[in-house]
Amino acid sequence: MIDSCFAAAQVPTDAEAVAVPVFADLALPPGSPEVDPGYCTARGFAGKVGEALPLPSGDGAGLVAVGLGAPGEVDAEALRRAAAAFVRTAWRQHKGAFSLHGLFSDSLPVEGAAQAVTEGAQLASYRFTTYKAAPETCALSSLAVVADGDAGQDDPVAVGVARGGAVARAVALARDLVNEPAGALTPTRLAEIAVDQAGRGGLEVSVWDETRIAAEGLGGLQGVARGSNEPPRLIRLAYDPPAGASPDQPVPTVALVGKGITFDSGGLSIKPAEGMMTMKTDMSGAAAVLATMSAVAELGVPVRVLGFLPTTENMPGGSATKPGDVLRIRNGKTIEVLNTDAEGRLVLADGLSLAVEEGVDAIVDLATLTGACVVALGGEIAGLMGTDEGFVGQVAAAAERAGEAVWRLPLPERYRTHIDSEIADMKNIGSGRQAGSLVAGLILSEFVGEVPWAHLDIAGPARSEEDAGYLAKGGTGYGVRTLLELLRGFAAPA
């Protein structure tokens with residue numbers, strides 16, 4: 001990624017590429033360089049969000065027109081996409097600059113604008129190159145975010161740039177984890193990385209091995225792990241904010257639970273070969289939680305945060321759980337496993353049960369849970385559901401501010417009969433092919449008790465099939481920005 005993003009009061013003299021923001025219909029913010037409308041129109045540039053066009057600039061720095069859309073509709077996501085378009089256009093330059101003059105307003109303050117530009121630029125420059133002999137990486141090593149101010153540590157532009165850099169680094173960590181081959185990122189290795197990140201981020205960490213998992217009654221995680229030679233791990237991370245709250249106003253606690261299936265073959269209900277090609281990404285929820293936890297201290301999150309990562313492979317070995325087996329979850333409820341490829345809900349059930357035991361104020365889980373959600377919402381939108389309307393609304397609002405699309409789905413109680421089992425408290429799949437995402441959500445809801453809970457089914461947006469905007473093909477790190485935004489302004493539900 002870009003090595004350095006920094007605040008500046010003017011475009012540095014050594015900048016090789018400078019973004020020139022342009023509104024729809026080629027209108028310009030105050031103080032922008034002149035742009036030849038005829039030149040832009042002839043090349044199909046109209047100032048739409050995400051468009052970029054190199055401009056003739058004589059002997060000076062290369063100018064790049066970047067589209068922002070309608071003047072009154074510029075928001076943080078438009079700036080992220082504009083910064084990403086600039087980076088892709090200036091890919092082979094070394095030093096860039098992006099001017100915010102005339103772009104911030106009451107609805108988009110300068111700090112938020114600077115954060116958005118930094119996020120978009122940093123994430124657009126991301127590439128996973130660990131296994132490439134001659135990777136094509138972005139040459140941009142620095143980006144100046146230019147706006148009026150002294151560029152000091154407390155200057156709003158500098159604050160926004162610093163925050164955007166921290167968020168982008170967290171997203172990049174999640175992407176790295178998701179992109180690693182399953183043979184390299186085993187549950188044991190993921191636990192080692194979590195311990196390392198905890199040390200860097202001032203977090204408390206504990207890791208349960210397979211013996212402790214069995215002793216603690218994590219029957220879902222233990223059952224899914226049976227078919228693999230790789231032992232499972234339960235990772236718990238904890239962050240306590242700096243002291244300062246008064247005794248009569250205790251700091252609220254939010255639990256984050258991430259599905260950590262480092263490879264999903266489907267178990268004995270084995271997937272077809274094509275369906276397994278991207279199943280190293282089935283730990284995207286756990287990656288998002290770990291990456292979020294890695295950044296909470298740096299960002300000064302004002303609430304206590306717990307992270308739970310139940311992680312294992314799902315393989316069809318000789319000891320694998322068989323269709324028809326019954327597993328007992330940590331909270332005592334039993335699940336009849338009729339399809340071993342519906343394993344995410346089994347490990348999450350244990351993670352959610354552990355979170356409830358901690359007496360938290362709210363829980364969010366993230367999981368690449370159902371193909372049904374991809375069918376319903378496509379590859380860019382996550383399904384959002386939960387048990388507390390107010391808290392689900394908080395998550396939706398945080399996702400909107402973060403630029404990560406969600407769509408709210410119901411949890412109809414009348415569908416509870418879909419998971420009735422003849423021999424256990426419930427079964428792990430529904431009736432036929434109906435309402436797959438909702439049924440999975442209903443199963444999870446059995447393990448959150450009375451705690452306000454929200455579930456994000458990220459099966460679609462956890463992976464991108466192409467380089468587009470600030471996404472690179474592969475893991476997207478979806479959910480990290482939403483979680484950090486949620487934690488930043490969390491209000492405990494009544």
For q = 0.19, 0.32 Å⁻¹, Debye-computed log10 I/I(0) when each Cα of the range 350-390 counts as one equal scatterer:
-0.71, -1.13
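So for GLU485, GLU204, GLU380, GLU216, what's the accessible-area order with a 1.4 Å probe, most first?
Details: GLU485 30, GLU204 105, GLU380 150, GLU216 50 Å².
Ranking GLU485, GLU204, GLU380, GLU216 by accessible area, largest first, yields GLU380, GLU204, GLU216, GLU485.
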Pair ASP240, GLU380: separation of 7 Å Cα→Cβ label points (nm):
4.4
What translational diffusion coefficient, to the nearest whole µm²/s, does the range 311-403 have by Stokes-Einstein, given a Kirkwood radius computed over alpha-carbon pairs, a temperature of 20 °C and 1.002 mPa s viscosity?
137
From DSSP H assignment alone, runs of 4+ in the chain each adding -39500 (n - 2.57), the sum over residues rounded to the nearest 500 puts [θ] at 222 nm at -9500 deg cm²/dmol
Taking a ≥ b ≥ c as the square roots of the eigenvalues of the Cα gyration tensor of the range 369-494, is the shape rounded (a/c under 1.5), prolate (a/b larger than b/c) or oblate?
oblate
Can you compute the equivalent ellipsoid semi-axes for the range 185-241, i.e. the square root of 5 times each eigenvalue of the Cα gyration tensor, sorted largest first and rounded to whole Å?
23, 13, 7
Chain lengthening between GLU465 and ALA70 when straightened (0.36 nm per residue, less Cα-Cα)
139.3 nm
Could you grab the relative contact order for the range 1-160? Cα pairs under 8 Å, six or more apart, rounded to a whole percent.
34
On average, how much accessible surface per residue is there in the range 1-142, in Å², for a 1.4 Å probe, leaving out ligands, DNA and RNA?
46
What FRET efficiency comes out for ASP196 versus LYS271 if R0 is 45 angstrom and r is the Cβ-Cβ distance? Round to the nearest 0.05.
0.90
Quick one: if you stick a label point 7 Å off each Cα along the C-beta vector at ALA9 and ARG433, how many nm between them?
6.5
For the range 442-494, what % of the accessible area comes from carbon and sulfur atoms, probe 1.4 Å?
45
Relative contact order for the chain: what is it in percent, counting Cα pairs under 8 Å that are at least 6 residues apart?
15
Which of the helices in the chain meet the span-like rule: DSSP H, Cα axial reach of 15 Å or more, Kyte-Doolittle mean at least -1.0?
76-89, 110-124, 156-179, 187-201, 284-295, 344-357, 389-402
Over the Cα atoms of the range 290-337, each weighted equally, I'd like the Debye log10 I(q)/I(0) at q = 0.17 Å⁻¹, rounded to two decimals.
-0.72
For the range 418-454 the GluC sites (Glu not before Pro) that pass both the DSSP coil test and the at-most-13 other-Cβ-within-10 Å test are GLU422, GLU450
Taking a label point 7 Å from the Cα of GLU422 along the Cα→Cβ vector, which residues of the range 313-337 have an amide N closer than 13 Å to it?
324-325
What distance in nm separates the simple spin-label points at ARG414 and ASN229, each placed 7 Å from Cα in the Cβ direction?
5.1
The range 295-334 - accessible surface per residue (Å², probe 1.4 Å):
36
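At 25 °C and 0.890 mPa s, grab the translational diffusion coefficient of the range 188-318 from Stokes-Einstein with a Kirkwood Rh over Cα pairs, rounded to a whole number in µm² per second. Let's see the in-between values first.
Working: Rh = 15.8 Å.
Value of D from the Cα-based Kirkwood radius: 155 µm²/s.
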What's the ranking of 99-105, 43-49 by average number of surrounding C-beta atoms within 10 Å, highest first?
99-105, 43-49
Which one of SER105, ALA243, THR281 is farthest out on the positive end of the charge dipole of the chain, using unit charges on Cβ (Lys, Arg +1; Asp, Glu -1) and the Cα centre as origin?
THR281
Within the set of other residues whose C-beta is less than 13 Å from the C-beta of LEU108, count the net charge using Lys and Arg as +1 and Asp and Glu as -1.
-3
For LYS473 and GLU450, what is the calculated FRET efficiency with R₀ set at 45 Å and r taken between the beta-carbons, to the nearest 0.05?
0.60
Let me understand the range 127-246 better: what is its radius of gyration from the alpha carbons, and its Dmax, in angstrom?
20.1, 60
Long pairs among LYS322/LYS473; LYS280/LYS473; LYS427/LYS473; LYS271/LYS322; LYS259/LYS322, criterion Cα-Cα beyond 24 Å
LYS322/LYS473; LYS427/LYS473
At 1.4 Å probe size, with the rest of the protein present, what percent of the exposed accessible area of the range 158-201 is carbon and sulfur atoms?
54
Most packed first (mean Cβ within 10 Å per residue), the peptides 319-326, 408-415 order as 319-326, 408-415
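Once R0 is set to 41 Å, what does the formula 1/(1 + (r/R0)^6) return for the Cβ-Cβ distance between GLU389 and ALA42, expressed as a FRET efficiency to the nearest 0.05?
Working: r = 52 Å, r/R0 = 1.26.
For GLU389 and ALA42, the calculated efficiency is 0.20.
What net charge do the residues around MET276 carry, taking every other residue with its C-beta under 11 Å from that of MET276, with Lys and Arg at +1 and Asp and Glu at -1? Could the numbers behind the result be given before it?
Values: positive: LYS271, LYS280; negative: ASP264, GLU274, ASP282, ASP341.
Around MET276, the charge tally is -2.
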The range 344-494: relative contact order in percent, alpha carbon pairs under 8 Å with at least 6 residues between:
37
So ASP325 and ALA397, fully extended at 0.36 nm per residue minus their Cα-Cα distance, gain in nm 21.9 nm
Once the chain is represented by equal point scatterers at the alpha-carbon sites, with solvent omitted, what log10 I(q)/I(0) does the Debye formula produce at q = 0.07, 0.10 Å⁻¹?
-0.38, -0.75
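The values are calculated or read from the model by the stated rules, or taken from the named source; none is laboratory data. Computed from a predicted structure; not experimentally measured. Counting neighbours? That spans all protein chains shown, and the Cβs are built from the backbone with ideal geometry, glycine included. Keep in mind that these areas ignore ligands, DNA and RNA; they rest on the heavy atoms of the full protein, side chains included. Shrake-Rupley method; radii C 1.70, N 1.55, O 1.52, S 1.80 Å.
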